[in-house]
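Asker: I'd like to ask you about the structure that follows.
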Amino acid sequence: MRKQGRICRIPILDAPVYTTWDLGVSDDMCITFWQDFGLERRAIDYYSNSGEGFGHYARILTEKGYNYSCHYMPHDADQRRAGVDVTTQKLEAIKAGIRPIQVLGRINTEQLGIEASRSFMPNVYIDEERCSRLIACLDNYRREWNDKLGVFKDDPLHDEFSHGYKSFETAAIRPAPVAMRPLNLPMTGIDMV
């Protein structure tokens, strides 16, 4: 991505924005803000925090001022939890004013999510300033080292960088979007018949 100049300043278009999430309370809750332009998937903004409820994130979404089309959350947003009432993170987010929400299916293995992210990357552009933390998470997402055996473990390391990566992975597994508008590429030097 760096060699191709796809980590750069990204203009924010007058177009809908969708978000992809990794959910957490004591771990980071991460939100990546996206716009599609033709076949390009543009990460235009990023936010993460921990120890906050959905009311906090609803305020952040409002303060950003984007026109939201959808908020994509991972499968655990639908996990039922007992409190005063039985609820889910999706229902709590809706109560806080975050909508519409689409909960994505569970990925069967960590490796399938990583492969989805690798396949997704060729069309991705990332804003180097507003998404600097997301870039750090992508740079540092890695497998865990097994000191005893002297090899990498099969699963990725769960650390401060894995949550930002997971919000990226959520974008990679969301349903394939329809291109919003064609790319306007110059056609110089080509004879059209």
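The values are calculated or read from the model by the stated rules, or taken from the named source; none is laboratory data. Note that the coordinates shown come from a computational prediction; the quantities given were computed from them, not determined experimentally. Just so you know, the surface numbers come from the protein's heavy atoms only, side chains and all, with ligands and any DNA or RNA stripped out. Shrake-Rupley method; radii C 1.70, N 1.55, O 1.52, S 1.80 Å.
Asker: Where only protein heavy atoms count, and the probe is 1.4 Å, what is the accessible area per residue for the chain in Å²?
Answerer: Spelled out: the 1.4 Å probe surface of the chain, per residue, equals 58 Å².
Asker: Give the carbon-plus-sulfur fraction of the accessible surface of region 1-85 in %, rounded to a whole number; probe 1.4 Å, heavy atoms of protein chains only.
Answerer: Carbon-and-sulfur percentage of accessible area, whole number: 47.
Asker: Let me ask you something else. Short version: ³J(HN,Hα) in whole Hz for each residue of region 13-21, in order, from phi by Karplus 6.51 cos²θ - 1.76 cosθ + 1.60 (θ = phi - 60°), x for Gly and Pro, what are they?
Answerer: Once rounded to whole Hz, the list reads 7, 7, 8, x, 10, 10, 10, 10, 10.
Asker: Using amide H atoms built in the peptide plane, which far-off residues or other-chain residues are under 5 Å from Tyr46 H to H?
Answerer: The list, which skips near neighbours in sequence, is Phe33.
Asker: Please list the non-local residues whose amide H lies under 5 Å from the amide H of Asp28, H modeled 1.01 Å from N, same-chain partners needing a gap of 5 or more.
Answerer: Residues meeting the criterion, in which the H sits 1.01 Å from N, do not exist here.
Asker: Right, here's the next one. Can you list the lysines whose alpha carbon sits under 20 Å from that of Lys166, skipping same-chain ones fewer than 8 residues off?
Answerer: Once the sequence-local lysines are set aside, what remains near Lys166 is Lys90, Lys153.
Asker: Kindly identify the chain as rounded, prolate or oblate by the Cα gyration tensor criterion: order the square roots of the eigenvalues as a ≥ b ≥ c, call it rounded if a/c is under 1.5, otherwise compare a/b with b/c, prolate if a/b is larger, else oblate.
Answerer: Because a/c hits 1.5 or more and a/b fails to exceed b/c, the chain counts as oblate.
Asker: For region 121-131, in order, what is each residue's ³J(HN,Hα) by Karplus, 6.51 cos²θ - 1.76 cosθ + 1.60 with θ = phi - 60°, in whole Hz (x at glycine and Pro)?
Answerer: For region 121-131, the Karplus-derived couplings read 4, x, 9, 9, 10, 10, 5, 5, 9, 5, 10 Hz, x marking Gly and Pro.
Asker: Can you sort Asp154, Asp28 by 1.4 Å-probe accessible area, starting with the largest?
Answerer: Output order, biggest surface exposure first: Asp154, Asp28.
Asker: Something else: Sequence-distant or interchain residues sharing an amide H contact under 5 Å with Tyr68, placed H: which?
Answerer: It is Val17, by chain and number.
Asker: So, one more: Could you order Arg143, Arg118, Arg42 so the one with the most accessible surface comes first? Probe is 1.4 Å.
Answerer: Arg118, Arg143, Arg42
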